[in-house]
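Student: Mind having a look at this structure? Questions to follow.
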Amino acid sequence: MNKTEPLAEVRDLKVRFVGREDTVHAVNGVSFAVHPGEVLCILGESGSGKSVTLRSLMRLLPDRARIEGDVRVGGQDVLKMSNRSLRDLRGGSVSMIFQEPMTALDPVYTVGEQIGETVRRHTGCDKAKARARALELLNLVRIPSAERRLDAYPHELSGGLRQRAMIAMALSCDPKLLLADEPTTALDATVQIQVLILLRKLQAEMGMGMIFVTHDLGVAAEIADNVAVMYAGRIVEYGPVERMMKAPLHPYTQGLLASTVHDQSRDQDIDAIPGSPPDMRRPPPGCGFAPRCVKARDVCRTAVPAERYPEPGRMAACVAVEVPEMAAA
Amino acid sequence: MSRYILWRILYAIPIAFGVSVVCFSLVYIAPGDPLQTIMPADATAETIEIVKKAYGFDKPLPIQFAIWLGKVLTGDFGMSISSRRPVLNEIMLAASNTGMLVAFAVPIAFTVGFSMGTLAGCFPGRWMDRVVTGSAVIGVSLPNYWLGIVLVIIFAVELSWLPATGMGARGSDYFSIWDWEDARFLVLPVITLSMIPIGIISRTTRAAIAELRNQDFVQTLRAKGLSEVAVIRHVIKNALPGVMAVMGLQFGYLLGGSILVETVFTWPGSGFLLSKAIINRDVPVLQGTILTLSVAFVLTNLLVDLFQSMIDPRIRRG
């Protein structure tokens, strides 16, 4: 469908966290691709494996994580890279924005020093040039009185400004791929939308690919081109955002959409999905959502449902999804 | 920043005053009469009165305190009851002898403790960590006078490599740090003194580093493409304020001179002076020494506070 080379390609990614007592199967065979200029949203609740998937793209996981599969970024195999070339990749052609601007910046260095450090790490320029670049970046992310903010410590900035500084740092070396791990979750609603608009704008201007992890459907609708819905370490549905929001295929996505506040009448209860996500130390053998699914059949509990493609560009891993004859052929 | 420094210095003055009150009254709270030791057992009540008057012990305590403080502020700490020499001289001499030990024990304890703690904190749960944590526990729990005696038995008695006690081959008055014949007297007391600070500092550092390495900002640093060494540099800068607080306390304790260690090695330092003054009920020496050490302690903490605020901007908002 898309003729350009994908910027990032993940095939059959599996991540386990091996502990002394138990092993957590966080990601269990995830595949997707992101093209230049595309925004992919990974949507899921906490524990669905969305953040772990994102971090695998930079191999930014603790030592006890066991990663399998194929992760390619810019044609390079991230999982087989040497530590040195991995460090060149991180913050260079791929960079990441984190959830908590409160804690994600080093408290004892100024914002300017922290941005400048990234610039110097990847371009090898001197301190004065790095500072000039940091100022340029603070202006780029619309931080008012940027010159003064350069010498501010993180605790002297508001949450919104801190997240902007974080974005400035991530953009400092013109990354081709921007990874965002719930960057707006910790912010106030009004600030949230400003940061989203800014991100979308910068992404379009710089032609970056972006993978945006969120649990918030509204945020996904705002920013995504395509959405991958994750549940229990697997992508259960994938497709363009408008069509998914209008007509979700997977029962989990349907449940998610039904459980949000939209135009129900005042006294009508919101339909929450019954039950809770499975314990990933002992993931269920079949479909991860089967224990909570109203449409579940016997086969759902024994075998992982195959991916089905009912329309071009859309995928759902559910036996209840009807595939038209034409598309199946 | 300069406001913070000024404010912090002003704040140290009432602390120092409080310390002087405690020092002064300490001797009167303690049981026993300071005159007992210098008076012959059969002294008449009249003689005791005369001596009391001579030392000013007959006046009410607040007056005695005011007189004492006034003299102290002009550098007059009075005369030692037992040696009849000016207290200030005695303190200076003892403090410089202890200072000699501190000058070696502090750099050793701080660098060894800090590097051990950093290494352990970088590899929590690994063999390096176990070795450091284990030896830190041993260092802290060994009574240092016992360690001193054991070191003497091994290195002085059995191996005859180092002298057992004393300060210098020709006595403390002729001690020269530049002469190995004298300087070798430093080795055992310095090692003994360093043990506890090494243990305490390495444990504090390890805890700080291990905790900081789990913080979110460390992941950001890795995501920036920094090497592990560069990441650790950030972590260390974050750990420093907390570690420095502990270092300041340890420095203060070392300045006070360990009574036990200086007694084991008969090192004529401030700890030794204190123990002598206690035994002789030499009140002016006791007061003077405790006051000097306490003020040094207050100053050390002041310095630590200032250093901390230079490293961590969040502290300045006081």
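Values quoted throughout were computed directly from the atomic coordinates according to the rules given, and no laboratory measurement underlies them. Everything numeric in this text was worked out from a predicted model, so none of it was measured. Note: ideal-geometry Cβ built from the backbone for every residue, glycine included; neighbour counts use all protein chains shown.
Student: In Å and on Cα atoms, what radius of gyration and Dmax does the protein assembly as shown show?
Tutor: Taking only Cα atoms of the protein assembly as shown, I get Rg and Dmax of 34.9, 125 Å.
Student: Taking only Cα atoms, what is the 0 to 90° angle, nearest 10, from helix A:159-170's long axis to the longest principal axis of chain A?
Tutor: Approximately 80 degrees, to the nearest ten.
Student: Counting partner chain Cβ atoms within 10 Å of every residue's Cβ in B:237-247, what's the average?
Tutor: 1
Student: Using the Cα centre of chain B as origin and beta-carbon charges of +1 (Lys, Arg) and -1 (Asp, Glu), tell me which of B:Ile67, B:Ala277, B:Gly199 is placed farthest towards the positive end of the dipole.
Tutor: The one lying farthest along the dipole's positive direction is B:Gly199.
Student: Specify whether the C-alpha gyration tensor of chain B places it in the rounded, prolate or oblate class, a ≥ b ≥ c being the square roots of the eigenvalues: rounded for a/c under 1.5, otherwise prolate if a/b is larger than b/c and oblate if not.
Tutor: Oblate, because a/c is 1.5 or more while a/b does not exceed b/c.
Student: Continuing with this model, one more query. Under the rule of -39500 (n - 2.57) per DSSP H run of 4 or more residues, summed and divided by the residues of chain B, what mean residue ellipticity at 222 nm is obtained, to the nearest 500 deg cm²/dmol?
Tutor: -24500 deg cm²/dmol
Student: For an R0 of 56 angstrom, estimate the FRET efficiency from the Cβ-Cβ distance between A:Arg243 and A:Ala132 and round to the nearest 0.05.
Tutor: That pair, A:Arg243 with A:Ala132, gives E of 0.80.
Student: Between B:Asn89 and B:Ala66, 0.36 nm times their residue separation minus their Cα-Cα distance comes to what?
Tutor: Computed gain between B:Asn89 and B:Ala66 is 6.1 nm.
Student: Something else about it: Residues in segment A:240-258 near a label at A:His215, defined as backbone nitrogen under 18 Å from the 7 Å Cα→Cβ point?
Tutor: A:252-258
Student: Mind checking the full-extension length gain between A:Asp269 and A:Asp12? Use 0.36 nm per residue of separation minus the Cα-Cα distance, one decimal, nm.
Tutor: 88.6 nm
Student: Right, another one. Ordered by packing density, taken as the mean number of other Cβ atoms within 10 Å over each peptide's residues, highest first, how do A:142-153, B:220-231 rank?
Tutor: B:220-231, A:142-153
Student: Between A:Met206 and A:Val299, with labels modelled 7 Å along Cα→Cβ, what's the label distance in nm to one decimal, could you check?
Tutor: Taking the two extended label points, one gets 4.6 nm.
Student: In degrees between 0 and 90, to the nearest 10, how far off the longest principal axis of chain B does helix B:61-73 point, with axes built from Cα atoms?
Tutor: Computed tilt is about 60 degrees.
Student: Evaluate peptide A:151-159: per residue, the Cβ atoms of other protein chains within 10 Å of its Cβ; return the mean as an integer.
Tutor: 2
Student: Charges at C-beta only: +1 for Lys and Arg, -1 for Asp and Glu. How large is the resulting dipole of the protein assembly as shown about its Cα centre, in Debye rounded to 20?
Tutor: So the dipole magnitude of the protein assembly as shown works out to roughly 720 debye.
Student: Another question, then. Report the full-extension gain for the segment B:Tyr28 to B:Arg316: residue separation times 0.36 nm, less the Cα-Cα distance, to one decimal in nm.
Tutor: Length gained between B:Tyr28 and B:Arg316: 99.7 nm.
Student: Quick one: angle between helix B:45-55 and the longest Cα principal axis of chain B, in degrees between 0 and 90, rounded to 10, please.
Tutor: 50 degrees
Student: Quick check: the distance between the Cα centres of segment B:152-209 and segment B:213-237, to the nearest angstrom?
Tutor: What the calculation gives is 38 Å, centre to centre.
Student: Spin-label point model (7 Å from Cα, Cβ direction): what's the A:Ser46 to B:Leu306 distance in nm?
Tutor: 4.5 nm
Student: A follow-up question, please. On a 32 Å Cα-Cα criterion, which of the cross-link pairs A:Lys201/B:Lys224; A:Lys176/A:Lys295; B:Lys237/B:Lys276; A:Lys201/A:Lys246 come out too long?
Tutor: In this structure, A:Lys176/A:Lys295; B:Lys237/B:Lys276 lie more than 32 Å apart at Cα.
Student: What distance in nm lies between label points placed 7 Å from Cα along the C-beta direction at B:Trp180 and B:Phe123?
Tutor: Result: 3.5 nm between the two label points.
Student: Separate question: How long are the semi-axes of the equivalent ellipsoid of segment A:20-157, defined as square roots of 5 times the Cα gyration tensor eigenvalues? Whole Å, largest first.
Tutor: In descending order, the three semi-axes are 31, 18, 16 Å.
Student: If you count, for every residue in A:88-95, the Cβ atoms of partner chains within 10 Å of its Cβ, what is the mean?
Tutor: Average neighbour count from other chains, rounded to a whole number: 3.
Student: What FRET efficiency comes out for B:Leu6 versus B:Thr111 if R0 is 35 angstrom and r is the Cβ-Cβ distance? Round to the nearest 0.05.
Tutor: The pair B:Leu6/B:Thr111 has a calculated efficiency of 0.60.
Student: A follow-up question, please. How many angstrom lie between the Cα centre of segment B:243-312 and the Cα centre of segment A:85-108?
Tutor: Cα centroid of segment B:243-312 versus Cα centroid of segment A:85-108: 45 Å apart.
Student: Separate question: Which lysines does B:Lys59 reach when only Cα atoms under 23 Å apart count, and residues fewer than 8 places away in its own chain are ignored?
Tutor: Cα-Cα hits under 23 Å: B:Lys71.
Student: Positive end of the dipole of segment A:118-201, charges at C-beta (+1 Lys, Arg; -1 Asp, Glu), about the Cα centre: which of A:Thr190, A:Cys125, A:Ile143 has its Cα farthest in that direction?
Tutor: So the residue we want is A:Cys125.
Student: Report the calculated FRET efficiency for A:Ala320 and A:Leu257 (r = Cβ-Cβ distance, R0 = 25 Å), to the nearest 0.05.
Tutor: 0.95
Student: Taking the Cα centre of segment B:177-242 as origin, sum charge times position over the Cβ atoms of Lys and Arg (+1) and Asp and Glu (-1), and report the length of that vector in debye to the nearest 20.
Tutor: Around 460 debye, computed over segment B:177-242.
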